[in-house]
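S.K.: First, the structure itself, so that you have it in front of you.
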Amino acid sequence: MKSQMRNKCPECGAYARIRKSEQMDERGLYKVGVLDCMDADCGWRGTFDFTITKTLVSSMKTAKRGKA
Ligand SMILES: [Zn+2]
């Protein structure tokens with residue numbers, strides 16, 4: 001399986017390309033952007049947002065800051 005996110009047009013299901021992506025905070029937890037349907041017969045375009053909602057496994061790097 002590919003690790004890359006595949007975006008689909010909500011109208012026709014074809015591949016939708018990220019036209020623009022803007023990071024809204026310092027850590028990259030929240031991004032907003034514009035999606036463009038790649039099917040010329042459809043032509044749909046809309047906005048999306050990407051949010052990291054939860055930490056399930058803490059970083060080994062940042063955990064070192066706390067008590068061992
Ligand atoms: Zn489409």
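Since every read-out is calculated from the coordinates, none of them should be taken as a lab result. Remember, it's a predicted structure, so these values are computed and weren't measured experimentally. Positions of Cβ are backbone-derived with ideal geometry, glycine not excepted, and every protein chain shown enters the neighbour counts.
S.K.: Answer with one residue from Gly33, Ser59, Ala14: the one whose Cα lies farthest towards the positive end of the charge dipole of the chain, charges on Cβ with Lys, Arg +1 and Asp, Glu -1.
M.R.: Checked the options; the winner is Ser59.
S.K.: In the chain, how many lysine pairs have Cα atoms under 23 Å apart, counting only pairs 8 or more places apart or on different chains?
M.R.: 9
S.K.: I would also like to ask the following. Could you work out the local net charge near Gly43, counting Lys and Arg as +1, Asp and Glu as -1, over the other residues with Cβ closer than 11 Å to its Cβ?
M.R.: For residues surrounding Gly43, the net value is -3.
S.K.: Still on this structure, please answer the following. Neighbouring Cβ atoms within 10 Å as the yardstick, rank Ser58, Ser21 fewest first.
M.R.: Ser58, Ser21
S.K.: Just the ratio, please: alpha-carbon radius of gyration of the chain over 2.2 N^0.38 Å, N its number of residues.
M.R.: 1.53
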